[in-house]
Amino acid sequence: MISPTEEDYLKAIYHVHEAMDGKHVKTSAIAQAMNTSAASVTDMMKRLNEKQLVVHEKYKGVQLTKSGEVIVKKLIRKHRLWEVFLVEKLNFTWDEIHEIAEQLEHINSPTLTNRLDAFLGYPKFDPHGDPIPDEQGNMHERKQFLLSELQKGKKAVIVGVVQHEPRFLRYLAEQQLVLGTTLELLKYYDFDGSMTLQAGKERTLTISSKVSQNLYVKSV
């Protein structure tokens with residue numbers, strides 16, 4: 001058996017590893033992600049190591065084992081499917097769903113997860129544009145890049161967000177910069193990296209480099 005807290009630690013290791021280079025995740029990075037002390041992380045890594053869910057090497061850091069990764073993929077699948085459900089069926093907004101899905105992801109019922117997936121029509125991406133693992137843990141891949149890399153005169157459509165912080169998601173909604181919005185770069189400002197974009201057919205707006213570096217797009 002594995003507790004919800006242990007599951008949260010495994011997921012934190014997975015996400016930190018995704019955001020960095022190299023195989024090992026430092027305990028300090030895990031402590032920051034979990035908002036806890038390094039001593040607490042060390043104790044948890046010992047427990048997870050005993051359950052053969054991580055490999056903890058002194059002075060190097062932590063790696064998920066195959067078993068640990070399987071658990072994380074199942075958690076991510078449940079989390080993102082619940083996010084789809086909350087938005088599509090219960091009319092939550094994309095900035096409201098993360099904390100609720102964090103609780104729902106710990107329901108341990110493969111039958112429920114599979115029926116939820118089927119009920120939703122087997123979605124490949126969640127409301128933030130993140131890929132949803134299938135029952136075997138495979139994720140759908142697509143060609144995407146940061147909006148900050150868009151070339152002048154080129155068009156792209158928003159497919160995801162890097163930053164899931166609710167204030168950022170609310171800002172995007174207010175600016176009508178949601179998934180599926182088509183953008184064309186009209187002008188790039190060298191001074192601060194800001195961009196003037198055409199959104200859709202008629203609307204233009206200027207965004208900061210912080211925004212453009214936190215939006216994923218794909219060419220159209």
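The values are calculated or read from the model by the stated rules, or taken from the named source; none is laboratory data. Not measured: the values here are computed from a predicted model. Methodologically, a virtual Cβ is constructed for each residue, glycine included, from the backbone with ideal geometry; neighbour enumeration extends over all protein chains shown.
I'd like the full set of residues that are in a helix (DSSP H, G or I) and loosely packed, with under 11 Cβ neighbours inside 10 Å, limited to segment 30-42.
The initial filter retains those residues of segment 30-42 that are in a helix (DSSP H, G or I), namely 30-34, 38-42.
Matches in segment 30-42: A39 only.
A101 - would you say it is surrounded by 15 or more Cβ atoms within 10 Å (Cβ to Cβ), hydrophobic (A, V, I, L, M, F, W, C), free of Cβ contacts under 8 Å to residues at least 24 places away in the same chain and in a helix (DSSP H, G or I)? Let's see the steps before the verdict.
Numbers: surrounded by 15 or more Cβ atoms within 10 Å (Cβ to Cβ): yes; hydrophobic (A, V, I, L, M, F, W, C): yes; free of Cβ contacts under 8 Å to residues at least 24 places away in the same chain: yes; in a helix (DSSP H, G or I): yes.
Yes: the conditions hold for A101.
Each row is one residue, and each column tells you yes or no for (1) surrounded by 16 or more Cβ atoms within 10 Å (Cβ to Cβ); (2) touching a Pro at 6+ places or on another chain (Cβ under 6 Å); (3) at pLDDT 95 or above; (4) of a type in the set (S, T, N, Q).
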residue: S3; (1), (2), (3), (4): no, no, yes, yes
residue: K11; (1), (2), (3), (4): yes, no, yes, no
residue: H17; (1), (2), (3), (4): yes, no, no, no
residue: S28; (1), (2), (3), (4): no, no, no, yes
residue: Y59; (1), (2), (3), (4): no, no, no, no
residue: L64; (1), (2), (3), (4): yes, no, yes, no
residue: S67; (1), (2), (3), (4): no, no, yes, yes
residue: E88; (1), (2), (3), (4): no, no, yes, no
residue: N91; (1), (2), (3), (4): no, no, yes, yes
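Can you tell me which residue in segment 186-220 is surrounded by the fewest Cβ atoms within 10 Å (Cβ to Cβ), limited to those that are over 16 Å from L172 (Cβ atoms) and of a type in the set (K, R)?
Among residues in segment 186-220 that are over 16 Å from L172 (Cβ atoms) and of a type in the set (K, R), the one surrounded by the fewest Cβ atoms within 10 Å (Cβ to Cβ) is K201.
For segment 47-79, name all the residues that are among the small types (G, A, S) and assigned to a strand (DSSP E or B).
First, the residues of segment 47-79 that are among the small types (G, A, S): 61, 67-68.
Passing the criteria: only G61.
Can you spot a residue in segment 107-124 that is in contact with a His (Cβ under 8 Å, 6 or more places away or on another chain) and either assigned by TED's automatic domain parsing to the domain that holds H15 or at pLDDT 95 or above (or both)?
Of segment 107-124, the ones in contact with a His (Cβ under 8 Å, 6 or more places away or on another chain) are 124.
Those left that are additionally either assigned by TED's automatic domain parsing to the domain that holds H15 or at pLDDT 95 or above (or both): 124.
Yes, the conditions are met somewhere in segment 107-124.
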